[in-house]
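Participant: Here it is, the structure in full.
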Amino acid sequence: MAVGGLTIERTVYFLDTSILLNILRVPKRCQHAEEVKDDFEKLRQGKHTMILPRAALVETGNHIAHIEDKTVCRTCAKKFSQLIMKSLSGEAPWTYNANQLTEATLQTMAKCFPDYAQQYKMGWGDLSILSECMDYQRLVGRHTQVKVWSKDQHFDVLEGIESISSISST
């Protein structure tokens, strides 16, 4: 596939919290479950790489912990734990992003966060996912397309930017 004259050899998708909530069918947070399931199958069959960012795991776990029905909470928590364990053992179609955010990335995020919060209603977790995605893009190079797979529209607006600071006023 060619993008802007550059041949893209593969695509890597960072899974946002909204995708994990739909995959796990977390009550009141899985309104796109069937669509996500269909898209997931297409990505899996297309042999795309899928990565679980740290912030999506934290946010998903927090949403699960706040399920009011404790039986449903426990069931979702077990499914979530199994999803993580399968990721770590290589049994899942995705992997965990083991790359740590650097101090420089955290500083950039802190400087840019007010703009992202105001302009895109983007919280710290989503900004962290976007930053991980961009760090990974720099790591793998230009022949790999790296994207955030999300149901949150603010990620669509930001597709293709190379640095979180490129659209910030700071």
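The values are calculated or read from the model by the stated rules, or taken from the named source; none is laboratory data. Note that this is a predicted model, so its numbers are computed, not measured. Cβ: placed from backbone, ideal geometry, glycine included. Neighbour counts: every protein chain shown. Each accessible area value is taken on the protein alone, full model and side chains, heavy atoms only, with ligands, DNA and RNA left out. Shrake-Rupley method; radii C 1.70, N 1.55, O 1.52, S 1.80 Å.
Participant: Looking only at region 41-56, which residues are in a helix (DSSP H, G or I), in contact (Cβ under 8 Å) with a residue 24 or more places away in the chain and open to solvent by less than 80 Å² (accessible area, probe 1.4 Å)?
Facilitator: Scanning region 41-56 gives LEU43, ARG54, ALA55, ALA56.
Participant: Same structure, new question: Of the conditions (1) surrounded by 17 or more Cβ atoms within 10 Å (Cβ to Cβ); (2) without any contact (Cβ under 8 Å) to a residue 60 or more places away in the chain; (3) of a type outside the set (A, V, I, L, M), GLU59 fails just one. Which one is it?
Facilitator: (2) is the only condition that GLU59 fails.
Participant: What is the number of the single condition among (1) in a helix (DSSP H, G or I); (2) free of Cβ contacts under 8 Å to residues at least 60 places away in the same chain that ARG29 does not meet?
Facilitator: (1)
Participant: Of everything in region 139-156, what is assigned to a helix (DSSP H, G or I), out of contact with any Phe, Trp or Tyr (no Cβ under 7 Å at 6 or more places or on another chain) and closer than 13 Å to GLN119 by Cα? Give them in sequence order.
Facilitator: Residue satisfying the conditions is PHE155 alone.
Participant: Let me ask another. Does SER87 fit the bill of being free of Cβ contacts under 8 Å to residues at least 40 places away in the same chain, polar (S, T, N, Q), under 26 Å from GLN145 (Cβ atoms) and open to solvent by less than 60 Å² (accessible area, probe 1.4 Å)?
Facilitator: In short, yes.
Participant: Related question: Have a look at GLU59, GLU159 and point out the one that is assigned to a helix (DSSP H, G or I), closer than 28 Å to CYS30 by Cα, of a type in the set (Asp, Glu) and under 17 Å from the mean Cα position of the chain (by Cα).
Facilitator: GLU59
Participant: Taking region 117-170, which residues are open to solvent by less than 30 Å² (accessible area, probe 1.4 Å) and aromatic (Phe, Trp, Tyr)?
Facilitator: Passing the criteria: TRP149, PHE155.
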